[in-house]
Amino acid sequence: MAQLEIGSSFAGYHVLDKLGSGGMGAVYLVEHPHLLRREALKIISLSVSDNTEFHQRFVNEARTVAMLNHPGIVAIHHYGVTDDAPWFTMTYVDGTDLTHGGLPDTDVATIATRASAALDYAHRHQVIHRDIKPANIICTREPDGSIDQVVLLDFGIAKLADSTRMTATHAFIGTLAYAAPEIIDGHPAGPASDQYSLACTIYELLTGRAPFDAPTPSAMMAALLAKPAPPISTLRPDLAALDPIFERALAKDPTQRYPDCAALAGELTTVLAASSGQGPAADSVPLTSGTFGASVAASPVPDAPAPGLIDGNAPTVESRDRSPHRRRNWLLAAAALIVVAVLAVAATVWATHRSDSSPVDAVAAPSFTDISVGVFVSCAIRDREAYCWGQNDHGQLGDGSNSNQTTPTKVVGITDVTDISASGSSVCAVASGEAYCWGTLDNIRTPTKVPGISDVTDISTNGSSFCAIAGSFLYCWGTNTEG
């Protein structure tokens, strides 16, 4: 690796200071020879670049990354190969990376949302980062301490998603603790592998440690390939609601992860907001009342276009009008709360307007007997029929489809429903004294009878584990990693 002296010149740039170094190279603070602006210059380690073929791959990749224009991705200004050392310059962002940790959950939610938007933008342009980790995410802050910018670094080792020839044969590029299992297993990187690395990073920001740890690289690789990630609740019991989210984002099979990073960030921020007792963000989508609940009245504000040119003297600026791509989950929870309020008002009006001389059954008011509000789905019992609404990607609405619904949809196949429980992607109910469940990662779209128990009076699920009272006994089944 080329070592530059402070005060020297390299590729025409004046070297002001050394900012840091890592496995892929060293970064220096330099001054542009003509514009007199400060930039960050990274020199790629010679240990991976001492051949002409690599130099060409580097130039091709640098050219591709330089075309990215997003406020959450550091801008590439110039690149080249000097004295057999590949290098590129980028906007100098005067902030701190995330390796020090100690962030409040609200900051982690902000970081997850903005980093996801940047990654999804790159993925839409067929560019994969390959090395998402705390050290490659920089935050700048306002004078009051709030987050100003979240910027992803080191796209200089990214590659086109459909051009595996641009990466050295059989080379592993990345940081092992955050590497997706399919990368370890020799498969090409893709958007899902970046999502996995982002989930590892968020996990570490929330707990102080990455999901996997091992004394040797070989042991680490074995753990990444074979062992499930420990639920985050083992380190932070107060975040048990995040267990199914990380279970999905850190799935060994990339097809089982979220469809994009924004989907991961959307569910994560919703649960973190609920855990902290905070209301929705100021730029959330408003709701309009609807029958038996609420429906979305407006769509999220689209991303503002990134500026065509970036001032090299200033850090990359993120638009404050930028909204997360998915607000759906907290909207559904809000809709459920509106249902509770509607039920309470209806019951009060009915009770106060009925005279003592009138028969009790003179007004045929609907009878609501139970409601269960999950993060992604909500359910209620009316006139001993079950209704669910919300997200339906795993069939958790029980209507035989995978179509999301913003208003309650009748659950098919069960009647005489007396109890219902909704959580995560699972819903269970008691109908005619029998237990039924649907949804879950198995994509069960209609209620399925739980075998082996009868005379059921109560049932509960947290999304991956299930319990029911049947007769005089308590039965539990499902995930048992914590006993």
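Please enumerate the residues belonging to the range 22-44 that are touching a residue at least 12 places away in the same chain (Cβ under 8 Å) and either charged (D, E, K, R) or farther than 22 Å from Ile73 by Cβ (or both). Those that are touching a residue at least 12 places away in the same chain (Cβ under 8 Å) and either charged (D, E, K, R) or farther than 22 Å from Ile73 by Cβ (or both): Glu31, Pro33, Arg37, Arg38, Glu39, Lys42. Taken as a whole, the structure places Ala281 among residues that are modelled with pLDDT under 95 and either surrounded by fewer than 19 Cβ atoms within 10 Å (Cβ to Cβ) or under 20 Å from Thr479 (Cβ atoms) (or both). Annotation: of all residues in the range 459-483 being of a type in the set (Ser, Thr, Tyr) and not in a strand (DSSP E or B), the one that is modelled with the highest pLDDT is Ser464. In the range 211-236, which residues are touching a Lys or Arg at 6+ places or on another chain (Cβ under 9 Å) and part of a loop (DSSP other than H, G, I, E, B)? Answer for the range 211-236, where residues must be touching a Lys or Arg at 6+ places or on another chain (Cβ under 9 Å) and part of a loop (DSSP other than H, G, I, E, B): Phe212, Pro228, Leu235.
Evaluated against (1) buried (at least 24 other Cβ atoms within 10 Å of the Cβ); (2) closer than 17 Å to Asn462 by Cα; (3) not small (Gly, Ala, Ser), Trp389 falls short on exactly one condition, (2).
Would you check if Ala210 is surrounded by fewer than 22 Cβ atoms within 10 Å (Cβ to Cβ), in contact (Cβ under 8 Å) with a residue 60 or more places away in the chain, aliphatic (A, V, I, L, M) and assigned by TED's automatic domain parsing to the domain that holds Thr106? Reasoning before the result, please.
Details: surrounded by fewer than 22 Cβ atoms within 10 Å (Cβ to Cβ): yes; in contact (Cβ under 8 Å) with a residue 60 or more places away in the chain: no; aliphatic (A, V, I, L, M): yes; assigned by TED's automatic domain parsing to the domain that holds Thr106: yes.
For Ala210, the condition - surrounded by fewer than 22 Cβ atoms within 10 Å (Cβ to Cβ), in contact (Cβ under 8 Å) with a residue 60 or more places away in the chain, aliphatic (A, V, I, L, M) and assigned by TED's automatic domain parsing to the domain that holds Thr106 - is not met.
What are the pairs with Cβ atoms under 7 angstrom where one residue, in the range 411-424, is closer than 21 Å to Ser465 by Cβ and the other, located anywhere, is part of a loop (DSSP other than H, G, I, E, B) and of a type in the set (Ser, Thr, Tyr)? Sequence gap at least six, or different chains. Here the result reads Gly424/Ser464, each pair linking the range 411-424 to a residue that is part of a loop (DSSP other than H, G, I, E, B) and of a type in the set (Ser, Thr, Tyr).
The values are calculated or read from the model by the stated rules, or taken from the named source; none is laboratory data. As the structure is a computational prediction, the values presented were derived from the model and not from experiment. FYI the Cβ positions are ideal-geometry reconstructions off the backbone, even for glycines, and counts take in every protein chain you see.
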